[in-house]
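Trainee: So that we are looking at the same thing, I have put the structure below in C-alpha cells.
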Amino acid sequence: MKVLLKQTVGIDVAQNELVVSLGRMDEQISIEVYVYKVFPNTKKGFSSLVAWVNKQTSTRTGM
C-alpha cells in the first residue's frame, strides 16, 4: 500500500466559475493530479465545492 504524503487543491477563480483540481504525492514522490471539476462561482457552487473536496480527499495515511 502506498503512503500518502501530501494532498493539494488548485482553484482557478473566474467571474462565473471555479475550476478545481486535486493532486496527491506518495512516498515515492510520485505526483498525480487525479480529478478535477467545474463549479459555478456562487455561494451554492462554493458549498458544493467544499462537499466535493471533502468526499474526494483522504484523511488516512494509505492510498
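Trainee: Condition first: open to solvent by 80 Å² or more (accessible area, probe 1.4 Å), at pLDDT 90 or above and hydrophobic (A, V, I, L, M, F, W, C). Can you find one or more residues in the stretch 49-61 that meet it?
Mentor: no
Trainee: Separate question: For the list (1) basic (Lys, Arg); (2) within 15 Å of the chain's Cα centre (by Cα); (3) modelled with pLDDT under 95, I need the number of the one condition that Lys2 fails.
Mentor: Among (1) basic (Lys, Arg); (2) within 15 Å of the chain's Cα centre (by Cα); (3) modelled with pLDDT under 95, the lone unmet condition for Lys2 is (2).
Trainee: Return the residue satisfying two criteria in turn: it lies in the stretch 14-39 and is over 22 Å from Ala51 (Cβ atoms) and of a type in the set (D, E, K, R), and of such residues it is least open to solvent (accessible area, probe 1.4 Å).
Mentor: This residue is Asp26.
The values are calculated or read from the model by the stated rules, or taken from the named source; none is laboratory data. These figures come from a predicted structure and were not determined experimentally. Cβ atoms come from the backbone with ideal geometry, glycine included; neighbour counts cover every protein chain shown. Just so you know, the surface numbers come from the protein's heavy atoms only, side chains and all, with ligands and any DNA or RNA stripped out. Shrake-Rupley method; radii C 1.70, N 1.55, O 1.52, S 1.80 Å.
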